[in-house]
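The values are calculated or read from the model by the stated rules, or taken from the named source; none is laboratory data. Predicted, not measured: the structure shown is a model, and the values here were computed from it. With ideal geometry, Cβ positions are generated from the backbone for all residues, glycine too; neighbour counts draw on all protein chains shown. Heads up: the accessible areas ignore ligands, DNA and RNA and are worked out on the full protein's heavy atoms, side chains in. Shrake-Rupley method; radii C 1.70, N 1.55, O 1.52, S 1.80 Å.
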Amino acid sequence: MTLVKDSVPATRGARRAATARTGRPGRRRENLAGYLFMSPWIAGFLLLTAGPMIASLYFAFTDYNLFTSPKWVGLDNFTKMFDDPRWQKSVEVTAKYVVIGTPLKLLLALGVALLLAQSRRGQAFYRAAFYAPSLIGASVSVGFVWRSLFSDGAVVDRTQTFLGFHVGGWVGNADWVMYSLVALTVWQFGAPMVIFLAGLKQVPRELYEAAEMDGAGALRRFWNITLPMISPVLFFNVLLETIHSFQIFGSAYVVSNTACGPADATLVYTCYLYQQGFKNAQMGFASAMAWMLLLAVALVTAVLFWSQKKWVHYEEDAR
């Protein structure tokens, strides 16, 4: 009996050792298969993302025109940038676009999401219809259509003339062309709307019922229940749409007929970056601009993350 008991641990130890010996090659094979499947993504990341980023960081400190070898100039591109009036204009135009376009887009997305959160007939159709512009809004063809709508004598011009507003086509008017870009980005409110809608579905109905019993009106329920409960979703949408607004290029380039005008009225940051890098062959200056944009977006992101401690309410905080 003693011999049997003593042999049991030894047998178990031998089995574990045998399993470990036979398991290692199998584990290595699984790891190798995983790396093999990941290799296209790894190669693409190194060649198309990490490699160009490192190269552009080097070019940012050089005088490089795509045709001659880069010449190290240190911080000259950055100092030249701050003295460039067109660079300052591009920062101003981009900031205006972000400050006006992003809140309007999110307000419309939240408003439509509140309407669609209620049960009604044809709800699936309305969701798809409102989401569709987000799928096609960034295409070049939509940019051409938008430019046609806001040109002189087009639909928008005739409509506002009929209403008594003699402004003319927005595309050719330096004071109004920016608002055509804002209208285009607001029209693409479908993506944040879907995210808001998902957040609204997670708000417990019991909270609204309790508030109604206490005599709270619709506005008070929205301010004290809906907004705090969807604040993480709101923060996510604000962060995502702000970053996206800083990167605007295609719509401004196409609507302005590749001129980023008139009078630099749509000279957003990325449009001026493109002009410097590919039209003027100042790739070193353009690379410096790209890294300044990255730093600006990182700074805005850091400020948003810092501020969310004051107005974003998470479920674990309540516990």
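A Cβ distance below 8 Å, combined with a sequence gap of six or more or placement on separate chains, defines the contacts here; from the range 189-206, residues that are within 20 Å of Ala128 (Cα to Cα) reach residues that are of a type in the set (Val, Ile, Thr) and in a helix (DSSP H, G or I) in the pairs Phe189/Val112; Met193/Val112; Ile195/Val233; Phe196/Val233; Ala198/Val233; Gly199/Val233; Leu200/Thr226. Looking at the range 65-88, can you tell me whether even one residue there is part of a loop (DSSP other than H, G, I, E, B), open to solvent by 90 Å² or more (accessible area, probe 1.4 Å) and touching a residue at least 40 places away in the same chain (Cβ under 8 Å)? Looking through the range 65-88, at least one residue is part of a loop (DSSP other than H, G, I, E, B), open to solvent by 90 Å² or more (accessible area, probe 1.4 Å) and touching a residue at least 40 places away in the same chain (Cβ under 8 Å).
Considered as a group, the residues in the range 269-284 that are touching a residue at least 40 places away in the same chain (Cβ under 8 Å) and under 13 Å from Phe67 (Cβ atoms) include one that is surrounded by the most Cβ atoms within 10 Å (Cβ to Cβ), and that residue is Gly284. When we screen Leu294, Leu219, Leu299, Leu207 for residues that are surrounded by 15 or more Cβ atoms within 10 Å (Cβ to Cβ) and either in a helix (DSSP H, G or I) or out of contact with any Phe, Trp or Tyr (no Cβ under 6 Å at 6 or more places or on another chain) (or both), the only hit is Leu207. When every residue of the range 261-268 is checked against the conditions, at least one turns out to be under 17 Å from the mean Cα position of the chain (by Cα), of a type outside the set (Asp, Glu) and surrounded by 21 or more Cβ atoms within 10 Å (Cβ to Cβ). Any chance the range 106-114 includes a residue that's more than 30 Å from Phe285 (Cβ to Cβ) and assigned to a loop (DSSP other than H, G, I, E, B)? For the range 106-114, residues more than 30 Å from Phe285 (Cβ to Cβ) and assigned to a loop (DSSP other than H, G, I, E, B): absent. Being surrounded by fewer than 16 Cβ atoms within 10 Å (Cβ to Cβ) and either in contact with an Asp or Glu (Cβ under 6 Å, 6 or more places away or on another chain) or within 16 Å of Phe235 (Cβ to Cβ) (or both) is the filter here; which residues of the range 192-202 pass it? Ala198, Gln202, listed by residue number. For the range 94-107, residues that are over 19 Å from Cys271 (Cβ atoms), open to solvent by less than 70 Å² (accessible area, probe 1.4 Å) and touching a residue at least 12 places away in the same chain (Cβ under 8 Å) total 2.
Does any residue of the range 220-237 turn out to be under 16 Å from Ile100 (Cβ atoms) and under 10 Å from the mean Cα position of the chain (by Cα)? No, the range 220-237 has no match at all.
Of the set (1) in a helix (DSSP H, G or I); (2) touching a helix residue (DSSP H, G or I) at 6+ places or on another chain (Cβ under 7 Å); (3) modelled with pLDDT under 90, all apply to Gly101 but (3). When each of Ser251, Ser287 is tested for being open to solvent by 20 Å² or more (accessible area, probe 1.4 Å), of a type in the set (Gly, Ala, Ser) and in contact (Cβ under 8 Å) with a residue 40 or more places away in the chain, the lone residue that passes is Ser251. Residues in the range 161-171 that are of a type in the set (A, V, I, L, M, F, W, C) and under 30 Å from the mean Cα position of the chain (by Cα) were compared, and the one that is least open to solvent (accessible area, probe 1.4 Å) is Val171.
Per the listing Arg16, Arg21, Arg12, Arg28, the residue uniquely open to solvent by 80 Å² or more (accessible area, probe 1.4 Å) and modelled with pLDDT of 70 or more is Arg28. Residues in the range 94-117 that are of a type in the set (Ser, Thr, Tyr) and touching a Ser or Thr at 6+ places or on another chain (Cβ under 7 Å): Tyr97, Thr102.
Taken together, Thr79, Thr62, Thr49, Thr68 contain a single residue that is hydroxyl-bearing (Ser, Thr, Tyr), touching a strand residue (DSSP E or B) at 6+ places or on another chain (Cβ under 6 Å) and modelled with pLDDT of 65 or more, which is Thr62.
Determine whether Val91 is open to solvent by less than 80 Å² (accessible area, probe 1.4 Å) and touching a Ser or Thr at 6+ places or on another chain (Cβ under 6 Å). Against the criterion (open to solvent by less than 80 Å² (accessible area, probe 1.4 Å) and touching a Ser or Thr at 6+ places or on another chain (Cβ under 6 Å)), Val91 does not qualify.
Only one of the listed residues (Ala124, Ala117) is of a type outside the set (Lys, Arg) and open to solvent by 60 Å² or more (accessible area, probe 1.4 Å). That residue is Ala124. Within the range 130-160, the residues that satisfy the criterion of being assigned to a helix (DSSP H, G or I), open to solvent by less than 50 Å² (accessible area, probe 1.4 Å) and within 24 Å of Phe196 (Cα to Cα) are Ala132, Pro133, Ser134.
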